[in-house]
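One structure is given below, encoded as C-alpha cells.
The values are calculated or read from the model by the stated rules, or taken from the named source; none is laboratory data. In this text, all values refer to a predicted model and were calculated from it rather than measured experimentally. Quick reminder, even Gly has a Cβ in these numbers, built from the backbone with ideal geometry, and neighbours come from all protein chains shown.
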Amino acid sequence: MTTGYVPQYLAIFTDGDAQYAVIFDSKEAAAAYAAAPDHGLTFLGIARRVGLSQLARIAARQDLAATGGSPHRTGRITRWIPDATNGFATDTEGRSWFVSREDLPGGKLYLPLGTEITFSGLPNPRPGKKYPQAYSVQIVRWGIE
C-alpha cells in the first residue's frame, strides 16, 4: 500500500438500466448511504476502490492461494540497476517478468543478477504494459553482486 493512501469505498446502485457508484471514505459511510431510502435506486453492494496495480496484486494473491499458498513460478533476475526501483526476471520457460522493488522480500532494494527466485503472477501483462508483473518474490539462491 502506498504511503498516504486513503482507502475509498464505492456504494454501487442500479436504476435497472445502468449501474452507478458513489465514492465514500469508509465502509460505514457507504453502508449508511445505501440504507437511506431517498435515493430511489436498488443497492447492489459495497466495493473497495483500487488502482490497476493493486487489483493485479490482489489477483496474483488469489492465484497464489489457489495453488496451495506457495509460489508456482521460478526464474532468475536477468536485469536490475541497483539504484532503479525495478528490474526483470526470466522464468524457466524463457518469459520476461517485470519485478518491482515493492514485491521484494525483507525490504530489499534490488536483487543481484542471477538470483534465483520464486514468485506468483498472472501471465498476461496489464493493459498498456509489455511484461507481466511478478509478485510475492522469494529468494531461492543469491546471484553474483
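For the stretch 86-102, the candidate set comprises residues that are assigned to a strand (DSSP E or B), of a type outside the set (Phe, Trp, Tyr) and under 16 Å from the mean Cα position of the chain (by Cα); within that set, the residue that is surrounded by the most Cβ atoms within 10 Å (Cβ to Cβ) is Val99. When Asp83 is tested against the conditions (1) within 16 Å of the chain's Cα centre (by Cα); (2) modelled with pLDDT under 90, the lone failure is (1). Scanning the stretch 9-50 for residues that are among the polar types (S, T, N, Q) and out of contact with any Ser or Thr (no Cβ under 9 Å at 6 or more places or on another chain) yields Gln19, Ser26. Once the stretch 103-119 is narrowed to residues that are closer than 15 Å to Pro132 by Cα and either not polar (S, T, N, Q) or not in a strand (DSSP E or B) (or both), the residue that is nearest to the chain's Cα centre (by Cα) is Asp103. Taking first residues from the stretch 23-46 that are farther than 8 Å from Tyr9 by Cβ and partners that are loosely packed, with under 14 Cβ neighbours inside 10 Å, the Cβ contacts under 6 Å between residues at least 6 apart in sequence or on separate chains come to Leu41/Asp15; Thr42/Thr14; Leu44/Thr14. With respect to being assigned by TED's automatic domain parsing to the domain that holds Arg76, at pLDDT 90 or above and on the phi > 0 side of the Ramachandran plot, Gly114 fits the description.
Of the residues that make up the stretch 89-100, is at least one in contact with a His (Cβ under 8 Å, 6 or more places away or on another chain) and closer than 15 Å to Arg73 by Cβ? No, that holds for no residue.
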